[in-house]
Amino acid sequence: MSALTHFFTSRWGPILTGAAVGILAPVLVKLGNPGNMGICVACFTRDIAGAVGLQRVATVEYIRPEIIGLVLGSLIAALLFREWKPRAGSAPVVRFVLGIFAMIGALVFLGCPWRAWLRLGGGDWNAIAGIGGLVAGVALGILFLKQGFSLGRNRPTSTAAGWIMPALMVGLLALVSLAPQFGRDANGNPTGPIFFSTTGPGSQHAALFISLGVALVIGFLAQRSRFCTIGGLRDLMLMGDTFLFYGIVALVAAAFATNIALGQFSPGFDKEPIAQTDALWNFGGMVLGGLAFTLAGGCPGRQLILSGEGDADAAVFWLGMLVGAGIAHNFNLASSAAGPSPYGPAAVVTGIAVCVAIGLTMREPIVAAVRGSAATTGE
Amino acid sequence: MDKNRILDARGLSCPQPALMAKETLSRLGSGTVEVLLDNATACVNVSRIATKAGWNVREELSEESFRLVLTK
């Protein structure tokens, strides 16, 4: 076990995880997932929001097993390696709000940071503007971090609190497996409370057990290696630390090679799958996403992994994303293939303003955490 | 100047433990710094930052707590 731990915490851990995402995500596309969307934490969380009726866009409703698998894969790894630790209490309501706005930003761009890099590896050059925005958002977040931004400390909490997110995922797995249809539509056909798209991206998916299996593997690897696509950019810019950044490089390289091998590489700007071509708001959406993810401490994939390890604050962030998906579609903020919605840009600007306010006001000066000798600390 | 310091980074999110360590080590230049942590991720990150800055890292790990003693 210790040799495995040593390997995963070496620079090879994030590289292996990034390569696994880069290979397996295009394979999931080949097996039925939407284009360049083998795994997308934002899109798939949005699909779950649709499946449980938090938003009612008929084309994006499906309980994505990938989300379930990432959390449960992390849970298994954390339990096996004795790293499962229930913890909570680091400004949960702020994390909830950050989750909402992170999701709105991601749905203006149309993808989470994982998908931004996967789109790049699939030849969707619209991703470049999104990645530019992501870098800008992370850089903005770093400014706040350097000035002492902090959401405060978490604390050990009850075992039950750490199990809520994994239990929620098991519940979602039951719902996607059983697909209860208690309601009747106007024509008397069974419908809801769990909704399944019959057309559009929500109807495109690999077989349940394949999606779940792939995500379990990635969740396991990501928990061991601490893979994080926001951390990769942040640590590089903030500390010159390339540990996580190489994971991103591996992801893009592996996705590029796999898409070529599977005949899925399609370079260009127009007619890219589940994408819009407005560079300004691809950039703007991801400025918001990058900033919100940086303030919350990690990309949405990493938040799922942390929630599987017992981090209830990360679970709250994801629940914010789930609600944010409902808001993004119910308020018509999310982009479509036709471009940004009329209201998306205003929502992005509002979100950036809220995140900046959070960045400016939530502080714990770093110097205050450095104490004198042990005799004065009470430790 | 007393160069023995305790850095309590328990309960903080990434990247704060590593950032705190980096700034503290840079400010002190040399001496001994004890870093208290509560998770393996922060432990690895702080170790990596300290090693890169030329500090010697001694780990005192248990399941519940992580203590790094950094010296230079």
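The values are calculated or read from the model by the stated rules, or taken from the named source; none is laboratory data. All of these numbers come straight from a predicted model, not from anything done at the bench. Here Cβ is always computed from backbone atoms with ideal geometry, including for glycine, and neighbour counts include all displayed protein chains.
Considering each of A:G152, A:G141, A:G137, A:G130 in turn, give the residue that is assigned to a helix (DSSP H, G or I), touching a residue at least 24 places away in the same chain (Cβ under 8 Å) and either of a type in the set (K, R) or within 14 Å of another protein chain (Cβ to nearest Cβ) (or both). So that I can check it myself, show each step before the final result.
Working: A:G152 fails: assigned to a helix (DSSP H, G or I); A:G137 fails: either of a type in the set (K, R) or within 14 Å of another protein chain (Cβ to nearest Cβ) (or both); A:G130 fails: either of a type in the set (K, R) or within 14 Å of another protein chain (Cβ to nearest Cβ) (or both).
That would be A:G141, the only listed residue that is assigned to a helix (DSSP H, G or I), touching a residue at least 24 places away in the same chain (Cβ under 8 Å) and either of a type in the set (K, R) or within 14 Å of another protein chain (Cβ to nearest Cβ) (or both).
Determine if the stretch A:29-48 includes at least one residue that is assigned to a helix (DSSP H, G or I) and surrounded by fewer than 22 Cβ atoms within 10 Å (Cβ to Cβ). Yes, because at least one residue in the stretch A:29-48 is assigned to a helix (DSSP H, G or I) and surrounded by fewer than 22 Cβ atoms within 10 Å (Cβ to Cβ).
Restricting attention to the stretch A:222-243, the residues that are touching a Ser or Thr at 6+ places or on another chain (Cβ under 8 Å), more than 10 Å from chain B (Cβ to nearest Cβ) and either more than 14 Å from A:T9 (Cβ to Cβ) or not in a helix (DSSP H, G or I) (or both) add up to 2.
Residue-wise test of (1) in contact with a Gly (Cβ under 7 Å, 6 or more places away or on another chain); (2) of a type in the set (S, T, Y); (3) within 14 Å of another protein chain (Cβ to nearest Cβ).
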residue: A:F44; (1), (2), (3): no, no, no
residue: A:E61; (1), (2), (3): yes, no, no
residue: A:R64; (1), (2), (3): no, no, no
residue: A:S74; (1), (2), (3): yes, yes, yes
residue: A:L80; (1), (2), (3): no, no, yes
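Taking the listed residues B:N45, B:N39, B:N56, the one that is in contact (Cβ under 8 Å) with a residue 12 or more places away in the chain and more than 10 Å from chain A (Cβ to nearest Cβ) is B:N56, with no other qualifying. Number of residues in the stretch A:272-306 that are more than 14 Å from A:I104 (Cβ to Cβ), away from chain B (no Cβ under 13 Å) and within 12 Å of the chain's Cα centre (by Cα): the value is 2. From the list A:G105, A:G111, which one is part of a loop (DSSP other than H, G, I, E, B) and within 16 Å of the chain's Cα centre (by Cα)? Step by step, each of A:G105, A:G111 is checked, and only A:G111 is part of a loop (DSSP other than H, G, I, E, B) and within 16 Å of the chain's Cα centre (by Cα).
One line per residue, one yes/no per condition, for (1) touching a residue at least 60 places away in the same chain (Cβ under 8 Å); (2) out of contact with any strand residue (DSSP E or B) (no Cβ under 9 Å at 6 or more places or on another chain); (3) farther than 22 Å from A:V214 by Cβ:
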residue	(1), (2), (3)
A:E66	yes, yes, no
A:L72	yes, yes, no
A:R87	yes, no, yes
A:F101	yes, yes, yes
A:V108	yes, yes, yes
A:W117	yes, yes, no
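Among the residues of the stretch B:26-36, those identified as at the interface with chain A (Cβ under 10 Å from one of its Cβ atoms) and part of a helix (DSSP H, G or I) are B:R27, B:L28.
Among the numbered conditions (1) modelled with pLDDT of 95 or more; (2) more than 21 Å from the chain's Cα centre (by Cα), the only one that A:S373 does not meet is (1). State whether the residues of the stretch A:159-168 include one that is in contact with a Lys or Arg (Cβ under 6 Å, 6 or more places away or on another chain) and either surrounded by 17 or more Cβ atoms within 10 Å (Cβ to Cβ) or more than 10 Å from every other protein chain (Cβ to nearest Cβ) (or both). No, because not a single residue in the stretch A:159-168 is in contact with a Lys or Arg (Cβ under 6 Å, 6 or more places away or on another chain) and either surrounded by 17 or more Cβ atoms within 10 Å (Cβ to Cβ) or more than 10 Å from every other protein chain (Cβ to nearest Cβ) (or both).
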